[in-house]
1. Starting at the first residue of the stretch 220-236, write each ³J(HN,Hα) from the Karplus equation 6.51 cos²θ - 1.76 cosθ + 1.60 with θ = phi - 60°, in whole Hz, x for Gly and Pro.
2. For the residues THR108, THR145, THR118, THR175, what sequence is obtained by ranking on other C-beta atoms within 10 Å, fewest first?
3. More than 18 angstrom separation, counting every C-alpha pair in the stretch 175-255; what % is that?
4. Give the whole-number value, in cubic angstrom per residue, of the convex hull volume spanned by the C-alpha atoms of the stretch 111-156.
5. Expressed in nm to one decimal, what extension gain is obtained for the pair ASN235 and ALA165 from 0.36 nm per residue of sequence separation less their Cα-Cα distance?
6. For a footprinting-style exposure proxy, rank VAL77, VAL140 by other Cβ within 10 Å, fewest first.
7. Calculate, in nm to one decimal, what LEU107 and SER185 gain on full extension: separation in residues at 0.36 nm each, minus their alpha carbon distance.
8. Please give, to one decimal in nm, the separation of the simple spin-label points placed at TYR242 and LEU68, each 7 Å out from Cα toward the Cβ.
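Every number here is computed from the coordinates shown, using simple stated rules; none is lab data. Bear in mind that the values here come from a model prediction, so they are computed numbers and not experimental data. All Cβ positions, glycine included, derive from the backbone under ideal geometry; neighbour counts span all protein chains shown.
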Amino acid sequence: MNWEDFKASLATVTLGPIALLPVLSALLLFLVCYIVMKILNKVICKLLERSRMEPALKNFVRSLSKVLLWIILIIIVADKLGIQTTSFVAVLSVAGLALSLSLQGILTNLFSGFTIMTTKPFSTGDYVEIDGVNGTVNEVGLFYTKIKTFDNKLIYVPNGEVVSAKIINYTRQGTRRVDLKICASYENSTEQVKKAFNEAIDDDKRILRDPAPFVRLSAYKESSIEYELRVWTKNEDFWDVYYSLLESVREKFAANGVRMTYEHINVHMI
């Protein structure tokens, strides 16, 4: 018996109202598609492992690819069995549209999470300012970005707000500038005040010499002269330098006879 005769005889075999040949063909097609799906999943997993995506994004892409491949497999097998898949695809599309409308806010945060993970305006551990929120990035999730503040609060910022907000990343450049504005009395000369500032700068080895520190008179106030001080330091030393410099300037002012003044009104009685 040749293959054509065997195929013809097999076509006559039925299981009740169901013909056996289409079922066997569908099963064979299912096995082939299943093997191809497994191979594609392994390829996708290897590509994800080599990529620099965030772990949360890798897991989501891996899960989404599996779901999509299973949907394609089911549609192919159903079509082989003679089931009309056009209406199934249409129903699936309508259901997807209805679901997307009902979960619009969640989906906005989800796709915003993809945007953050792919464009990487910041990474875990960076000190950032996002829409008025300051702190260290604790985690970049699919729906929220977690920011840890100095007082140990964990703030969950929706990714949709993160993407639309102005983001200031203080860590990415490696160094950061400390800006101080301090007033001194009109009685003290400019050189005397600048000498006190420079002594405070020289005593702190965490302050970088390149770029060079900047000390200049910046404004004449009603009862004092304002001086501006700018120094550069490493990101991790910023706050230590900031507070140490404030304390040191006061000590150097006292040592150099510079009077640290405040806003006041002089009244002269005649």
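1. Along the stretch 220-236, the couplings run 9, 8, 5, 10, 7, 10, 9, 10, 10, 10, 10, 9, 10, 8, 5, 3, 5 Hz.
2. THR118, THR175, THR108, THR145
3. So the portion of pairs separated by more than 18 Å is 37 percent.
4. It comes to 64 Å³ per residue, whole-number rounded.
5. Working it through step by step, the gained length comes to 22.9 nm.
6. VAL77, VAL140
7. Result: 22.2 nm gained on full extension.
8. 4.4 nm
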